[in-house]
Amino acid sequence: MEISGAEILARCLAEENVEFVFGYPGGAVLEIYDAIFKQNNFKHVLVRHEQAAIHAADAYSRSSQKIGVALVTSGPGATNAITGIATAFMDSIPMVVISGQVGTPMIGSDAFQEVDMVGCSRPVVKHNFLVKDVKDLATTIKKAFHIATTGRPGPVVVDVPKDVTQAKTVFEYPKSVSIRSYNPPVKGHPGQIKKAAQLIAEAKRPYIYVGGGAVLGNAAEEVTELVRMLNVPCTNTLMGLGAYPGSDEKFVGMLGMHGTYEANMAMQYADTIIAIGARFDDRVISNPTQFLSQAKKIVQIDIDPSSIAKRVKVDVPIVGDVKDVLKDLIAILKETNTRPSEKALSAWWDQINDWRKPNSLWYAQDDEIIQPQFVMQKLYEVTGGNAIITSDVGQHQMYTAQFYKFDRPRQWINSGGLGTMGFGLPAAMGAQLANPYADVACITGDGSIQMNIQELSTCKQYHTPVKIINLNNGYLGMVRQWQEFFYGTRYSESYVDALPDFVKLAEAYGHVGMQISKPADVEPALREAFAMKERLVFMDFLTNPKANVFPMVQNGKGLNQMDLPPHMQNMQLTPFENNRDYGNLC
Amino acid sequence: MRHILSVLIENEAGALSRVTGLFSARGYNIDSLTVQTTEDPTMSRMTIVTHGSEDVIEQITKQLNKLIEVVKVIDLNEADHIERELMLIKVRATGKDRDEMKRMADIFRGRIIDVTEKSYTIELTGPGEKLDAFIKALDQAVILETVRTGASGIGRGERILKL
């Protein structure tokens, strides 16, 4: 029996066990929406802006290991989706985006709501397709899911012209597809893994540096086993938080631009770095020349060969699925009983513990003004460290990363690569739909939240009781901080002098609004909000407008040249002591 | 340093723009690019001449390999290879210059493929330097028009790029 392209599409999504499609209808996709109306296999979530559809699908995927799916119409629908697609691309999130297109006879004629979506999205997708014949539709969708979820994951766009959704053919969904030019690696090279084990054995100051790839590759268990087995200090990148338990003693905090003092110093002075699904991003190591000034050996495990040795030279590159490679590495280490020298490790831990002492994340909370860090700390306590946390982009994002100790992977959802403001709220919706019984909190700022605040309406419609924590300082905080540091405190356009009444705004959308201005009210307010399981609560915390994120590594500087928080500025700090007894080789 | 990359790629609409888009988006250079289908009509072969440091070339190769449609990439520079370019050059050829122009074409093993009362069009193939040398050897005033393809390259002997 022949069915329409639109029906085929709906059937394909059902075959892929899709649970939610996030989208927004329009002329070019009406056929598809009609097919969605007639089926019960998956639910459609109507967002209020296409960017939010993509972010919601993205966070749905990040928080659940399932694939995010979004559906947008042609032209403006498609271009609105681009920021979301780019966000997912930068963070390697598996996603399939179906965009409508004008009918094939109209393509290229500047038709109403026509845009070259394949061309527009090309730089920000893992791959994309334009389906010109309904006979190719099912296979293309199968390929899209295959490409999005295998190898280094990423978003795949399938552009479907309206006449293709109307044309009919027999539906056959291929069980599998093989693409001769696409064979992502899985197993790491055994010889290279042996070399890595050898480097670990020789290390005096080893350091395990874990990125988002370990989360995406579901390798948290292996990472944890490796760290504990070797008793080596571990740091996570912003994207890697949760890959190793944040509350564990061997975790020295996040590293990078706003990483802890101890994590950054350790990165700078380590002699052997085991990079796991991490790519030495500029926000992590800052300047590669400064970073490599110390004699270092680097092992890098990544599924994407192009991520290896892109910014730093790598001694032992291992291309493969991180989980798989780590399993093999752990097996070899166990088999050969390979461990770094205990004596050297103990000296290294002494050094790190000395760096830990000043507590670089310390801040002063008085009775008057709420410090943003204080809210994060209380949030951690009130939620017992169990909430799924999404964040927007800015100072609040960094405070969250610094103060919420993520013990599980996929618990921390933020736009690390692209740094997309407006990500937090739609991401919270997506995460809540994927985890209906979890506490989901969106940490945001007065700038970020206004970039997709219309999604309060979607939250109302689908009863997603997320808790919005707005660290309201009346500024674009991170911009203000940079203007203080680098632009002579000229607050060019970082001051937002027309903030809405967020409480009323939340109420206008049918939610609960709260404003909290006193430190003493922070914890009770959080408790009250999280007790309201069925309601979205918008908590507007009026926080110190001048608070800055410390430590900070300025662009181009070395990780050991941090701007330190005020309390450390006059402290006698322990330098790196090369003469500690690390053993002979250092 | 100049490198000549050979790329086997699925013969699909849009594949070429993915390759050129990759170069422009990442700030790499394309000095020349030729592409045509191979003996297997489902596959095209590109020859890309580019330049950059070893690190840059390594990244280009890795990034090309990452494209879904790219089947295989090799750097022809890594071993002996042959390169050819094609040039069609139209020159003024009148009076006694006509014989001179014919001799020049012969010396460079070119072929005159179009003749009018006033002009010759010469077809010339060879490495880029040879074509440059031909242009240089001519009186610049006689050159009416030139058109050149990019380089095509192939490994010497047993070195074969095939699926």
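All of the numbers you see were taken from the coordinates with simple rules; none came from a lab. Please read these numbers as outputs of a predicted model, since none were measured by experiment. Virtual Cβ from ideal backbone geometry, glycine too; neighbours counted across all protein chains shown.
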*Note the angle between two axes, namely the Cα long axis of helix A:220-230 and the longest principal axis of the Cα atoms of chain A, as a number of degrees from 0 to 90, rounded to the nearest 10.*
10
*Got a sec? Charge dipole of chain A, +1 on Cβ for Lys and Arg, -1 for Asp and Glu; which of A:GLY488, A:THR87, A:LEU329 is way out at the positive end?*
A:LEU329
_FRET efficiency estimate (nearest 0.05) - Cβ-Cβ, A:LYS533 to A:ASN570, R0 60 angstrom_ = 0.80
*Alpha-carbon Rg with Dmax, taken over the protein assembly as shown, Å*: 29.6, 102
_Averaged across A:21-28, how many Cβ atoms of other chains sit within 10 Å of each residue's Cβ atom?_
0
*How much mean residue ellipticity at 222 nm does the protein assembly as shown get from its helices, if each DSSP H run of length 4 or more adds -39500 (n - 2.57) and you divide by all residues, to the nearest 500 deg cm²/dmol?*
-10500 deg cm²/dmol
*Taking the Cα atoms only, what angle lies between the long axis of helix A:50-64 and the longest principal axis of chain A, rounded to 10 degrees?*
60
*Output the peptides B:109-119, A:3-13, A:252-262, A:457-467 sorted from most to least packed, where packing is the average of other Cβ atoms within 10 Å over each peptide's residues.*
A:252-262, A:3-13, A:457-467, B:109-119
*Angle, helix A:477-486 long axis vs. longest principal axis of chain A, Cα atoms, 0 to 90°, nearest 10?*
50
_Which one, A:GLY100, A:PRO465, A:GLN192, projects farthest toward the positive side of the charge dipole computed for chain A from Cβ point charges (K/R +1, D/E -1)?_
A:GLN192
*Find the percent of Cα-Cα distances in chain B that exceed 28 Å, and round it to a whole number.*
35
*Where nothing but the Cβ of Lys and Arg (+1) and of Asp and Glu (-1) is charged, how large is the charge dipole of the protein assembly as shown around its Cα centre, in debye to the nearest 20?*
1160
_Label-zone membership for region A:194-229, site A:ASP315, 7 angstrom Cα→C-beta point, backbone N under 19 Å_ = A:194-210, A:227
*Dipole size in debye (nearest 20) for region B:2-78 around its Cα centre, Lys and Arg Cβ +1, Asp and Glu Cβ -1?*
200
*Any chance you could tell me what percent of the C-alpha pair distances in region B:2-78 go past 21 Å?*
17
*asked:* Per-residue Cβ counts within 10 Å, from other chains only, averaged over B:57-69: what number is that?
replied: 4
_DSSP beta bridge pairing in chain A, given as percent antiparallel to the nearest 5_ = 5
*Using a Förster distance of 60 Å, how high is the FRET efficiency between B:THR38 and A:THR289, based on the Cβ-Cβ distance and rounded to 0.05?*
0.85
*asked:* Can you give me the long-range amide H partners of A:LYS297? Hydrogens built in the peptide plane at 1.01 Å from N, cutoff under 5 Å, separation of 5 or more residues or another chain.
replied: A:THR272, A:ILE273
*Counting other C-beta atoms within 10 Å, which of A:THR169, A:THR140 has the fewest, and how do the rest follow?*
A:THR169, A:THR140
*Please count, across region A:144-295, the pairs of lysine residues with Cα atoms under 24 Å apart that sit 8 or more places apart or on different chains.*
5
*Taking region B:82-152 as the region of interest, what is the percent of Cα-Cα pairs per 10 angstrom bin, listed from the shortest bin to the one with the maximum distance?*
21, 59, 18, 2
*For each of A:TYR209, A:TYR173, count neighbouring Cβ atoms within 10 Å of the residue's Cβ, then give the residues from fewest to most.*
A:TYR173, A:TYR209
*asked:* To make sure I understand the rule: partners must be lysines, Cα under 22 Å from the Cα of A:LYS533, and not fewer than 8 residues away in the same chain. Which ones qualify?
replied: A:LYS378, A:LYS460, A:LYS467, A:LYS504
*When only Cα pairs under 8 Å and 6 or more residues apart are kept, what is the percent relative contact order across chain B?*
28
*Taking 0.36 nm per residue of separation and subtracting the Cα-Cα distance, what length does fully extending A:LYS43 through A:GLU577 add?*
186.3 nm
*Once you list every other residue whose beta carbon is under 10 Å from the beta carbon of A:ASN452, what net charge do they have if Lys and Arg are +1 and Asp and Glu are -1?*
-1
*Could you let me know the centre-to-centre spacing of region B:90-148 and region A:116-161, using Cα atoms, in angstrom?*
49
*Whole Å is fine, so just give me how far the alpha carbon centre of region A:8-56 lies from that of region B:32-89.*
40
*Compute the semi-axes of the equivalent ellipsoid of region A:214-316, taking the square root of 5 times each eigenvalue of the Cα gyration tensor, and list them largest first in whole Å.*
19, 16, 13
